[in-house]
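Here's the structure, in structure tokens; my notes come after.
The values are calculated or read from the model by the stated rules, or taken from the named source; none is laboratory data. No experiment lies behind these values; they were computed from the predicted model shown. Heads up, the Cβs are rebuilt from the backbone with ideal geometry, glycines too, and the neighbour counts pull from every protein chain shown. Surface accessibility is based on the protein's heavy atoms, side chains included, excluding ligands, DNA and RNA. Shrake-Rupley method; radii C 1.70, N 1.55, O 1.52, S 1.80 Å.
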Amino acid sequence: LRRTSEMNTSVSRLTLDAAAQRITIDAFHSAPEGGDSAFQTRQPFRKARLSVTLAHAEANGIDLPAFLRRGALRAHAVDARNLVIDIYIDKVKTDQPVAPLRRTPQAVLRDAATEIQLDTITGTGMVAYRERDSTAAIPGTLTFGAMRLRGYNFSTDPAHMSAATPFRLVGDARLMGAGAMHVEWDVPLLSRDLAMHWRGSLGRMDPKAM
């Protein structure tokens, strides 16, 4: 359990099986202290409140010696079950006078300076995006439920990562429980600047679901 003035993060159980090359995590939760109202009260300017809950995750085929020797994160397969991401933005607050510097995914990985090689990533869950307009009494909500994710070649190793062999993420979900969505991303993680290609589709749905 980790508590700060801004974030609470907890895990009910963390298990490492060195012989089986497996690590598991149960009941992970990370969210700002207090609910939506308490969070907004603490913010002088507009800021998204992000909470993440994960029922179970496991990594198989982990390279424990590489982690102990040089802090490398290497695994053949990572699976996350019942991942719930909740994002809330209150537009009653004004933007910051000076916009914060937003780093690209590539810059985040570059600054972390950590060797990563995850061959496959799978997951299930949902994402909820809630936004309250400056004149609204309650927030509007978009949900992406029944989410299924498949990722391949999440790597910072130049031998595996290039523009020709990028990280590939495939996602399926139900927009507002109705519209079938399919999205694919190709992201070269070692690019110096923001680079990615994506494509997607949204199936037929009743507009009343929105």
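Here are a few things to note about the model shown:
- The strands (runs of 3 or more DSSP E) found wholly in segment 85-199 and carrying at least 2 residues that are open to solvent by 60 Å² or more (accessible area, probe 1.4 Å) occupy 116-132, 140-155, 167-175.
- Note on segment 46-63: residues that are more than 13 Å from the chain's Cα centre (by Cα) and modelled with pLDDT of 95 or more total 9.
- Arg81 being within 23 Å of the chain's Cα centre (by Cα), surrounded by 16 or more Cβ atoms within 10 Å (Cβ to Cβ), assigned to a strand (DSSP E or B) and of a type in the set (D, E, K, R): no
- Taking the numbered list (1) more than 16 Å from Arg132 (Cβ to Cβ); (2) in contact with a Ser or Thr (Cβ under 9 Å, 6 or more places away or on another chain); (3) loosely packed, with under 15 Cβ neighbours inside 10 Å in turn, Ala57 passes all entries but (3).
- For segment 179-209, filtered to residues that are touching a Gly at 6+ places or on another chain (Cβ under 9 Å) and of a type in the set (A, V, I, L, M), the residue that is farthest from Met126 (Cα to Cα) is Met205.
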